[in-house]
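Everything on this sheet refers to the single structure shown next.
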Amino acid sequence: MQERIIAAIDLQALARNYRILRKAARGARLMAVVKADAYGHGAAAVSAKLEEMGIDWLAVRTADEAAALRGAGLTRPVLILGRTPPERAAEMAALNVTLTVTGPEHAAELSDAAERGGFRARAHFKLDTGMSRLGFAGADELAAWLGRPGLIAEGLYTHLAVSDEPEDAFTRVQLERFTAAREKLARLGHIFQFTHCANSGGMIHFREADPSDLIRTGLALYGYEPGPGGGLDLRPVMSLWTSVAMVRTVRAGETVSYGRRWTAGRDTRVAVLQCGYADGYPRALSNKGEILLRGKRCPVVGTVCMDLMMADVTQVPGAAAGDPALLFGESGDGALPLYELAEKAGTIPYELLCAVNARIPRTIQG
Ligand SMILES: *Cc1c(COP(=O)(O)O)cnc(C)c1O
């Protein structure tokens, strides 16, 4: 392999995951969450494939991300999940992008901007049901803003705090609070066209308890279940590859990398890999991670550097410069599940996927 590092994106796996999630959604519409460059997978390519498959909605975090989707020719409805500054509201309205209204101050700013600018903003109102993050505190606080002429109140949603834990009763509490608020708003005369509560975990573990008709799914599309026991047989969409720069012998008693945190107990063949924490490989995996080389798992030795890392490849006699090495994902001769890496690194798959940044070239198959 000539390239230093490659994120291989398998759009067939994405299509397969999409079909599985369509069934799991049991008739609800699906919103693909493609924020943070589709969790590192490349938002334009992922969104185009999902549009081709029939996705109902796309969701991003920022106005820049929404504008980029429209610039790439995507036509499905787009929701911005975060707080959009009122200065960007006119531009978003022109691009037919829907905004989240995150609370009373934001509602005031957005409706003022729209009334002054002579446009109407498509709006999904966010309700806080227990995440204590963004959102209106309750139905009464929210109701005050529903009549404003600058805002098209087409959606109501909330976000779940523990939907990745199937045994935790709090998700049902949140869903009940949401339902109560929705019913109260209906009695006040407001029916929303779109209501949504579930993320991937909510869909996989609490579908039967969720009263809404739209589901926001990110992680599951990319091939991972956020919690245990869903059994959906999803496939990883991304596999991260690097290549061996050189293989050297480190004599017994010599040390490897910064801080001298690994000492060779015997003469050791060490591969120098062209990937580091600047490419998203966590430094926390120093002396802990594994790579897959020629079908064999080899331990990461020494501290992971910014651009390089080392692995003990003594058990792979033919290992040579130019060999591809799998960091996570699937290959023809084995797999390295991202879950394992995340657990060893003390984090979650989400963080490791998002860490695969714009410096890393992507190859797209399918
Ligand atoms: C990121 C995000 C999601 C997607 O969550 P997954 O667990 O990846 O499915 C859904 N809703 C909101 C509000 C988000 O910010």
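The values are calculated or read from the model by the stated rules, or taken from the named source; none is laboratory data. These figures come from a predicted structure and were not determined experimentally. Because the Cβ atoms are built from the backbone with ideal geometry, glycine has one as well, and the counts that use them run over all protein chains shown. For the accessible areas, the whole protein counts, side chains as well, though only heavy atoms, and no ligand, DNA or RNA atoms are used. Shrake-Rupley method; radii C 1.70, N 1.55, O 1.52, S 1.80 Å.
Take the stretch 311-327 and flag every residue that is closer than 26 Å to residue 12 by Cβ, open to solvent by 10 Å² or more (accessible area, probe 1.4 Å) and assigned to a strand (DSSP E or B).
324
Out of all the residues in the stretch 64-84, which are within 24 Å of residue 16 (Cα to Cα), over 17 Å from the mean Cα position of the chain (by Cα) and open to solvent by less than 30 Å² (accessible area, probe 1.4 Å)?
Hit for the stretch 64-84 is 74, nothing else.
Pull up the stretch 30-58, narrow it to residues that are near the ligand (Cβ under 10 Å from one of its atoms) and assigned to a strand (DSSP E or B), then point me to the one that is surrounded by the fewest Cβ atoms within 10 Å (Cβ to Cβ).
The extreme case among them is 33.
Can you pull out every residue in the stretch 342-366 that is within 11 Å of the chain's Cα centre (by Cα) and assigned to a helix (DSSP H, G or I)?
Passing the criteria: 349, 350, 351, 352, 353, 354.
Do we have residue 61 as open to solvent by 50 Å² or more (accessible area, probe 1.4 Å) and either more than 16 Å from the ligand (Cβ to nearest atom) or within 27 Å of residue 279 (Cβ to Cβ) (or both) here?
Yes, satisfied.
Which members of the stretch 341-364 meet the condition of being modelled with pLDDT of 95 or more, open to solvent by 50 Å² or more (accessible area, probe 1.4 Å) and not hydrophobic (A, V, I, L, M, F, W, C)?
343, 344, 346, 350, 351, 361, 362, 363
Cβ-Cβ below 8 Å, separation at least six or inter-chain, first residue in the stretch 121-142 and within 16 Å of residue 177 (Cα to Cα), second in a loop (DSSP other than H, G, I, E, B) and open to solvent by 60 Å² or more (accessible area, probe 1.4 Å): which pairs?
Filtered contacts from the stretch 121-142: 126/134; 128/134; 128/137; 139/188.
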